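Worksheet: the structure to be examined is printed underneath.
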Amino acid sequence: MSKLLLAAAVLLLSTNAVVLSGVAYNRAGEPFVSIDLTERELTITQSYRRTDENSGTAVSLQWQVPSADDEPPARRYARHGSPAWLDEAKLSGLGFDLTALKNDKEHYRRKGRLLTREVVLVLEYNGDAYRQALSSAQDKVSRFREKLAKNPDDEDRAKKLEHYEKWLTRLKVSQTRLYVVDAGFDKQALAEKYADGNKYLFMRGDVGLRWNDGAVTGQIRRVHVRQVHVPLPYSKQLTELAQGRRFNAHNKDPIPPRYRVRINIGKRLEPWIAAVAPIAGGNQGE
């Protein structure tokens with residue numbers, strides 16, 4: 001039994017050493033990128049407790065994809081669309097053999113979940129993709145208001161207007177402004193292409209395929225890092241700033257973000273928290 005315990009201890013120490021060396025390598029030197037995000041993009045999923053000696057706080061990365069559809073996405077489908085930039089040319093460049101897929105749809109349809117590529121994803125913060133979504137929602141609300149003004153007794157149109165107004169409010173106040181806008185294999189080339197300061201972050205993720213009305217389309221399957229650990233003292237500061245109502249982008253009465261987080265991305269494209277600061281008055285523009 002003692003030998004077994006010794007072997008287990010050695011394995012644990014070896015594993016911890018590997019993990020710590022990986023963390024050290026990731027954070028060595030200057031960050032690959034450093035960006036400020038808000039509660040809209042980094043939502044608390046686990047909270048610090050005063051009785052804990054260690055931080056138990058984590059934030060969840062909130063992201064979505066630009067939608068070609070004019071309809072507001074349902075909460076669980078905001079990430080599941082096929083962005084226009086992920087077209088056949090892009091998919092071929094990422095190593096998918098679309099000719100084989102089209103020639104043998106039935107075979108590959110059954111293996112759809114297995115058809116993935118690990119890539120470097122480019123996530124744009126508060127940029128063109130967000131502004132386009134905001135503009136689309138504003139146009140939709142304006143059109144419905146004009147139509148309803150001509151026929152104020154149209155209850156169905158009134159309900160749709162209310163639906164779009166709520167969508168627009170969430171986009172303005174609480175919805176994430178972090179959109180996946182590109183993917184590739186060379187992180188340095190992507191960083192040079194998207195070198196606009198505090199606007200882009202790069203993380204590893206998976207791109208896959210799906211069949212939509214018989215056509216093969218691309219899909220962002222996942223971002224590898226779902227949560228980011230918040231160490232002390234940032235965890236205490238973060239949870240104090242977020243006291244009160246639990247933040248949820250889809251609340252009926254959404255609240256604006258209450259904090260800003262500086263997040264660094266290292267050599268292995270793994271994130272860590274570098275700073276936390278309050279947002280004065282819950283400024284919606286932050």
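The values are calculated or read from the model by the stated rules, or taken from the named source; none is laboratory data. Remember, it's a predicted structure, so these values are computed and weren't measured experimentally. In case anyone asks, the SASA skips ligands and DNA or RNA and just uses the protein heavy atoms, side chains included. Shrake-Rupley method; radii C 1.70, N 1.55, O 1.52, S 1.80 Å.
For Y259, what residues show an amide H to amide H distance below 5 Å, using hydrogens built from the backbone and excluding near sequence neighbours?
Correct list: E39, I279.
Probe radius 1.4 Å, ligands and nucleic acids ignored: give me the carbon and sulfur share of the accessible area of the range 99-254 as a rounded percent.
44
So with the 1.4 Å probe, I'd like the accessible area per residue for the range 108-203, rounded to whole Å².
55
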